[in-house]
Amino acid sequence: MMRSSVSRRRAIATAAAVALSLPARAQGAYPDRPVKFIVPFPPGQAADTFGRLMAERLSVLWKQQVVVENKGGGAGIPALEGAKNAPPDGYTLLVGTSGTLGINPGLYAGKLPYDAVNDFAPCSNIFLVPLMITAHPSLPVSTLAELIALAKKEPGQLGYGSPGVGSSQHLSMELFKYKAAVDIRNIPYKGSGPAVSDLLGGHIKLMMDSVTSALPHVRDGRIKAIAVTTAKRVPQLPDVPAIGEVVPGFDAAGWSGIVAPAKTPRAIVEKISADMRAQIALPEVSQRIIELGGIPDSNTPEQYHAFIKAEVAKWTEVVRISGAKVD
């Protein structure tokens, strides 16, 4: 009888210990099934390209498949609404971008079904996409100082091509115009491709484009690189100055990173962030990001949250200043 009572107590104690350890084990096991990345744009765009790179790396690290689901259209708004409403368990993540998280809140003020700052739990950024002011060889300027001088001499006469109203290229150029106190007209196109074609053909003389898109044409001499928008010069074009070298404090870039639904457990958010940062720090990964036209850029959840908040404030002000409107 005594032995039976001791055995029963031991069994109860063991069961209690196992029960207490279950949450920690479950939490430590993340992920124990496939994870989905929602990309709010079609395949082939920067967010998709770099999102897939990160998905591949994390699939190997986690020994669980990270699948990419493209949900393009509607300026990314439907995709973000879907991600916001996904179960907050770390198995549905969003590739958030400068457009969907940084620009849309100002461009669609009061009309968005999501709050960029409060409806998501930022994990880490992946990359920055430097933009660049480019010119047709026939435009008689080769430096940013010369461009500013020409624009001030002929206010409103110069025009620049952009992929459309509200794009990061459009608003980055509007920010430059404001800070440099120049008047250059926006010529909006339906996408980057048609604008690049007209620039190459000399039908427009200026364009704000991504370094990724413009780089081949700069290297073969078909267009001129005037200045990049990031705070520092970029590794792909070390001889091209940053706008900030002439216009103090200027800094603008496209970007994409990973965010989760707002109520995702903190431990999961921190694990995703730590694993992303470790992968981005690997030489082969950072070099691949540079080869694809980006700049490696990772951060902690707190840093990324502060970054997104600052981006919303910045682009909301640029939208106000420029008067940009979308249908």
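The values are calculated or read from the model by the stated rules, or taken from the named source; none is laboratory data. Only a predicted model underlies this, so the values are computations on that prediction, with no experimental measurement involved. Glycine gets a Cβ as well: all are built from the backbone with ideal geometry, and neighbour counts include every protein chain shown. These accessible areas exclude ligands, DNA and RNA; they are computed on the full protein's heavy atoms, side chains included. Shrake-Rupley method; radii C 1.70, N 1.55, O 1.52, S 1.80 Å.
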Looking only at lysines whose Cα falls under 18 Å of residue 271's and that sit 8 or more positions away or on another chain, we get 36, 63, 263
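Between residue 231 and residue 157, what FRET efficiency comes out of the Förster formula 1/(1 + (r/R0)^6) with R0 = 35 Å and r the beta carbon distance, rounded to 0.05? It would help to have the intermediate numbers written out before the result.
On the way: r = 30 Å, r/R0 = 0.85.
Once rounded, the FRET efficiency stands at 0.75.
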Determine how large the accessible area of residue 300 is when every protein chain is in place; take a 1.4 Å probe and give Å² rounded to the nearest 10.
-> 40
Would you list which aspartates and glutamates come within 18 Å of residue 205, measuring only between C-alpha atoms, while excluding same-chain residues fewer than 8 positions from it?
-> 146, 154, 174, 183, 220
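Over the chain, with every protein chain in place, what whole percent of the accessible area is carbon and sulfur at 1.4 Å, could you tell me? Present the calculation step by step, with values, prior to reporting the outcome.
Working: 8350 of 14970 Å².
Ligands and nucleic acids excluded, carbon and sulfur reach 56 percent.
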Of (1) 32, 21, 19; (2) 35, 22, 20; (3) 47, 19, 16, the label for semi-axes √(5λ) of the Cα gyration tensor in Å derived from the coordinates = (3)
How many angstrom separate the Cα center of the stretch 202-266 from the Cα center of the stretch 101-140?
-> 12
At a 1.4 Å probe radius, which order do 284, 174 fall into by accessible area, largest first?
-> 284, 174
Can you pull the accessible area of residue 187 for me, 1.4 Å probe, Å² to the nearest 10?
-> 50
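Given 0.36 nm per residue, what is the gain on full extension from residue 56 to residue 321 after removing their alpha carbon distance, in nm? Write down the numbers at each step before the final one.
Working: separation 265, 0.36 × 265 = 95.40 nm, distance 4.05 nm.
Gain on stretching residue 56 to residue 321: 91.3 nm.
Once you have a ≥ b ≥ c as the square roots of the Cα gyration tensor eigenvalues for the stretch 26-82, tell me rounded if a/c is under 1.5, and otherwise prolate or oblate according to whether a/b is larger than b/c. The partial results should precede the final answer.
Details: a/c = 3.55, a/b = 1.74, b/c = 2.03.
Oblate.
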Starting from the Cα of residue 282, step 7 Å along the direction of its Cβ; do the same at residue 150; then give the gap between the two resulting points in nm.
-> 4.5
Please sort 150-157, 64-71, 307-314, 118-125 by packing, taking for each peptide the average over its residues of neighbouring beta carbons within 10 angstrom, highest first.
-> 118-125, 307-314, 64-71, 150-157
Could you give the nm distance between label points at residue 86 and residue 65, where each point is 7 Å from its Cα heading toward the beta carbon?
-> 1.6
Looking at this model, which pairs from 84/309; 71/177; 111/314 are more than 25 angstrom apart at the alpha-carbon?
-> 71/177
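Using a Förster radius of 41 Å, what is the FRET efficiency between residue 203 and residue 239 based on their Cβ-Cβ separation? Nearest 0.05, please. Walk me through the numbers before you get to the answer.
Working: r = 27 Å, r/R0 = 0.67.
Here the calculated transfer efficiency is 0.90.
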Dividing the helical contributions, -39500 (n - 2.57) per DSSP H run of n ≥ 4, by the residues of the chain yields a 222 nm value, nearest 500 deg cm²/dmol, of -14000 deg cm²/dmol
Using a 1.4 angstrom probe, figure out how much accessible area the chain has per residue, in square angstrom, rounded to the nearest whole.
-> 46
